[in-house]
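Following: one structure in structure tokens, then a few remarks.
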Amino acid sequence: MQVPQDGDLTHQPWYHGTLSRQKAEALLLQDGDFLVRASVSLGGHPVISCRWQGSALHFEVFRVVLRPRPGRPAAVYQLEDERFPSMPALIHSYVTTQRPLSQATGAVASRPVIRQGRLWRSFSEDTLVDTAARMEPFRARKWSNSQPADLEHTGQTREARLGPGASSRPVGALVRKGSASMLLKASATLGTAADSLQASDGQLHTKAPTKPLRAPSMARHDDSAHPRTYCELVPQVPGAQAPGQICAQPEAPWWEEEEEEEEEAGRCFLRPQAEISFCPPDNPSYLLGPENRPLDPKVLHTLRGLFLEHHPEGTALHLLLVDCQAIGLLGVTKAQRAAMGVPSGLELLTLPHGHRLRSELLERLETLALAGALAVLGCSGPLEERTAVLRGLVELALALRPGAAGDLSGLAAVMGALLMPQVSRLERTWRQLRQNHTEVALAFEQELKPLVRALDAGSGPCAPGEVVLPHMAPAARLLEGENLEGPLDESCDQLLRTLHGARQVARDAPRFREAAVQRLRGFRPNPELREALTTGFVRRLLWGSRGAQAPRAERLEKFHRVLDVLSQRLEPDC
């Protein structure tokens with residue numbers, strides 16, 4: 001059987017185009033049924049929806065864009081480890097070999113759900129990147145002659161050029177002539193050809209050296225009946241763009257907006273009167289509802305599927321965005337800056353009136369670590385399932401390290417879960433990880449553990465750019481009065497290093513903000529996953545809507561006792 005290569009996915013019977021999760025789940029009837037869809041919440045990224053053991057699971061396909069080189073694809077696709085040159089090749093491999101789509105679930109895709117009827121596709125699908133996915137049917141191909149002198153007619157339909165009464169083909173029937181086979185190429189190729197197209201060009205394609213590229217015109221129709229639902233591109237061809245026509249640009253996310261500059265003239269310092277909190281208020285939750293019990297099984301099942309949809313790199317960017325907002329690096333309003341007296345939360349952490357922000361930072365690290373430990377200890381199934389969750393946490397920590405997402409605060413929380421005594425005592429689970437996922441286990445032992453020790457000691461990497469969000473928990477603990485462990489001479493050196501590092505971070509706060517904006521540029525988060533990583537959501541998930549109001553020390557003590565019981569049940573002989 002020949003493996004199909006990358007191309008227009010609309011020709012694949014298992015591809016259903018832009019489809020919501022609920023509609024996809026309604027099409028999956030039996031175990032092994034699967035389909036591929038363009039996820040609405042992930043900005044059109046491909047997602048494999050599969051039913052397994054009575055539950056509908058969704059797996060995001062990770063697309064890695066490669067540098068253009070002869071003889072290799074423009075991008076590769078992967079679910080976990082193995083990469084494929086195209087989406088059809090990935091589906092072909094998993095279906096024919098009956099391999100699980102993920103080791104954590106063991107879900108096997110065996111029967112494709114065939115698409116029924118005509119597929120409606122967005123203009124941006126497989127063509128444009130970072131544009132709104134608005135649905136449009138296939139439209140008639142625009143007609144242009146073979147001679148460069150006729151480029152002025154580009155943008156007119158054949159019927160308009162031939163006059164009334166001339167025959168025209170149906171909407172979906174595209175006529176292939178000359179170099180028309182090159183139209184279904186990647187967006188970069190189309191954009192490059194459109195930008196460089198001139199009337200004197202005669203070497204646009206090696207197969208037709210005397211003809212210009214027959215690309216359909218991107219000029220907007222002058223048709224009032226046609227709703228203008230998206231901004232169409234207009235190639236740089238003389239006469240193709242109407243005078244005064246402007247394409248509306250999509251609005252940038254709030255974290256990419258420029259920070260408002262305050263006027264220095266006549267400005268005087270005002271002593272802060274109240275402490276500032278960057279944790280959003282308890283807004284209505286999409287996942288928990290107005291009230292919830294601790295560790296609600298339905299919510300845990302939803303979260304499990306939500307995290308399985310995203311690769312560690314995507315989850316790391318979600319965590320980076322939430323961490324930057326929680327610490328006051330991004331999203332700080334002008335009123336908040338005026339109230340706290342400094343422009344960034346990284347500076348507020350080092351000041352006396354930053355007590356509330358320091359407490360919130362430490363509580364966030366503790367609650368995220370507890371949630372990560374619960375993800376491992378809550379796996380009461382086979383050993384392989386628990387090992388897969390452990391591996392996922394290690395891969396998330398690798399995606400958060402310097403040079404990747406650069407979120408050292410999130411890295412400390414994930415490593416806090418992996419190094420928690422209730423998790424580190426699971427000898428059989430760790431042994432299984434070393435046997436089945438040796439590279440991940442080695443990276444944890446040889447790279448992540450020394451890195452966290454260096455960060456806690458105040459000697460880890462902290463250069464803006466490589467690091468987006470520094471590790472401020474050691475400085476926060478010192479400023480809150482916690483004592484350092486170890487000999488007196490070593491603790492004094494660590495104290496000086498930590499305070500010097502905190503002072504340097506406060507000085508470099510604008511550079512860290514620039515690095516965060518650059519790292520998150522073009523990122524479109526999943527609203528549900530973003531909510532699931534906030535401090536308020538995790539607190540309510542672990543202790544319930546009522547228990548979350550209890551004192552912090554009491555909540556932590558009770559939950560650690562719960563983790564002790566779960567750990568003993570999993571491996572009582574350790």
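The values are calculated or read from the model by the stated rules, or taken from the named source; none is laboratory data. Predicted, not measured: the structure shown is a model, and the values here were computed from it. FYI the Cβ positions are ideal-geometry reconstructions off the backbone, even for glycines, and counts take in every protein chain you see. To get the accessible areas, we keep the full protein, side chains included, count just its heavy atoms, and leave off ligands, DNA and RNA. Shrake-Rupley method; radii C 1.70, N 1.55, O 1.52, S 1.80 Å.
Cβ-Cβ distances below 9 Å connect the following pairs, each with a first residue in the range 25-41 that is touching a residue at least 12 places away in the same chain (Cβ under 8 Å), a second residue that is open to solvent by 70 Å² or more (accessible area, probe 1.4 Å) and part of a loop (DSSP other than H, G, I, E, B), and a separation of six or more residues or different chains: Asp31/Gln53; Leu35/Ile114; Ala38/His45; Ser39/His45; Ser41/Arg524.
For the range 301-325, the set of residues classified as modelled with pLDDT of 90 or more, open to solvent by 20 Å² or more (accessible area, probe 1.4 Å) and under 24 Å from Glu366 (Cβ atoms) consists of Pro312, Leu317, Gln325, listed by residue number.
Of the residues making up the range 58-112, those that are in a strand (DSSP E or B), of a type in the set (A, V, I, L, M) and within 24 Å of the chain's Cα centre (by Cα) are Val64, Val65, Ala75, Val76.
So in the range 446-470, with the set limited to residues that are more than 14 Å from Asp407 (Cβ to Cβ) and not in a helix (DSSP H, G or I), which one is most open to solvent (accessible area, probe 1.4 Å)? Top of the filtered list is Ser459. Only residues that are over 23 Å from Phe84 (Cα atoms), at pLDDT 90 or above and open to solvent by less than 20 Å² (accessible area, probe 1.4 Å) were counted in the range 1-60, giving 1. Among the criteria (1) part of a loop (DSSP other than H, G, I, E, B); (2) in contact (Cβ under 8 Å) with a residue 24 or more places away in the chain, the one Ala443 does not fulfil is (1). Could you tell me which residue of the range 524-574 is surrounded by the fewest Cβ atoms within 10 Å (Cβ to Cβ), considering only residues that are under 26 Å from Arg386 (Cα atoms), of a type in the set (A, V, I, L, M) and without any contact (Cβ under 8 Å) to a residue 40 or more places away in the chain? Here the answer is Val565. Scoring Ala375 on the criteria (1) over 25 Å from Ala463 (Cα atoms); (2) part of a helix (DSSP H, G or I); (3) out of contact with any Phe, Trp or Tyr (no Cβ under 9 Å at 6 or more places or on another chain); (4) open to solvent by 10 Å² or more (accessible area, probe 1.4 Å) leaves a single failure, condition (3).
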